[in-house]
1. Can you list residue pairs whose Cβ atoms sit under 6 Å apart, with the first residue in the stretch 21-40 being over 12 Å from I56 (Cα atoms) and the second being at pLDDT 75 or above and not in a strand (DSSP E or B)? Count only pairs 6 or more apart in sequence or on different chains.
2. Would you check if E164 is at pLDDT 80 or above and either charged (D, E, K, R) or touching a Cys at 6+ places or on another chain (Cβ under 9 Å) (or both)?
3. Scan H171, H188 and give me the residue that is more than 28 Å from V137 (Cβ to Cβ) and either at pLDDT 85 or above or not assigned by TED's automatic domain parsing to the domain that holds E119 (or both).
4. Within the stretch 145-178, how many residues turn out to be among the charged types (D, E, K, R), in contact (Cβ under 8 Å) with a residue 24 or more places away in the chain and surrounded by fewer than 20 Cβ atoms within 10 Å (Cβ to Cβ)?
5. Quick one: how many residues across the stretch 137-172 are closer than 16 Å to A110 by Cβ and out of contact with any helix residue (DSSP H, G or I) (no Cβ under 7 Å at 6 or more places or on another chain)?
6. Can I54 be described as over 19 Å from F127 (Cα atoms), of a type in the set (V, I, T) and at pLDDT 80 or above?
7. Return yes when D76 is modelled with pLDDT under 95 and either touching an Asp or Glu at 6+ places or on another chain (Cβ under 9 Å) or in the same structural domain as V156 (by TED's automatic domain parsing) (or both) and no when it is not.
8. Do we have R132 as among the basic types (K, R), under 22 Å from Y75 (Cβ atoms) and modelled with pLDDT under 90 here?
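The values are calculated or read from the model by the stated rules, or taken from the named source; none is laboratory data. It should be emphasised that the depicted structure is a prediction, and the values quoted were computed from it without experimental measurement. As a convention, Cβ positions derive from the backbone with ideal geometry for all residues, glycine included, and neighbour counts pool all protein chains shown.
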Amino acid sequence: MKYIIIIIAFVASYAVATGQNAKTDNKPIETGFVFIDGKYIEPPYTIEYKDDTIYINKVGVLKYKRATYYKERIYDHDPGIPPGLNKETKLEDILSFKEPITGKLYFDLASGYFYSHFEYEEAQTKFHDYLRSFSNVKNLSYIKGMLTLESYYGEVKTYADFGEMREFNSHWGPGGSGLPSIDIGENHFKVSIDKYKQLLITQ
């Protein structure tokens with residue numbers, strides 16, 4: 001079975017360590033199919049990390065910034081469902097709805113609340129249930145670190161879980177350890193590469 005990756009290039013709230021040297025997974029991947037912002041990317045696929053950005057075949061797909069694991073991500077209550085959602089709302093629009101008082105994304109506020117107030121497994125379940133409650137989400141599944149959303153609009157999109165909220169929860173959830181060390185970025189680079197490999201390599 002071959003996986004298809006559909007990647008929307010957006011700025012993700014992941015933390016990385018400082019350092020601008022390129023890091024490349026040197027072994028090309030021949031299997032799978034990659035579409036980035038609707039454009040088909042020809043194999044073989046190489047994955048590179050440079051200037052806080054992950055590239056597939058020299059095309060940037062994820063840019064990291066220092067925010068995810070820090071205390072500012074904590075939110076003190078459930079922000080509720082974004083107003084204006086309906087069955088015709090596209091999945092990509094979920095990432096654009098902002099809470100009017102804070103000006104922050106509902107998606108970020110909700111994850112910041114659940115993962116700072118509950119143990120990891122319970123927080124993950126509550127966050128998935130939160131997404132399921134969106135009127136445009138027809139179905140949600142989570143299998144082996146892959147979150148798949150199906151909308152009433154007819155879209156199906158799969159998002160790789162890079163483990164950033166598990167890390168956040170370990171620092172800022174119940175009994176968390178507080179501010180993390182600055183070397184966590186290297187670990188999440190490796191996790192990200194492994195996730196893309198899982199999607200690309202024939203199973």
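1. Every condition considered, the pairs that remain are E30/P43; E30/P44.
2. no
3. H171
4. So the answer is 4.
5. Matching residues across the stretch 137-172 total 3.
6. Spelling it out, it is not the case that I54 is over 19 Å from F127 (Cα atoms), of a type in the set (V, I, T) and at pLDDT 80 or above.
7. yes
8. Answer is no for this residue.
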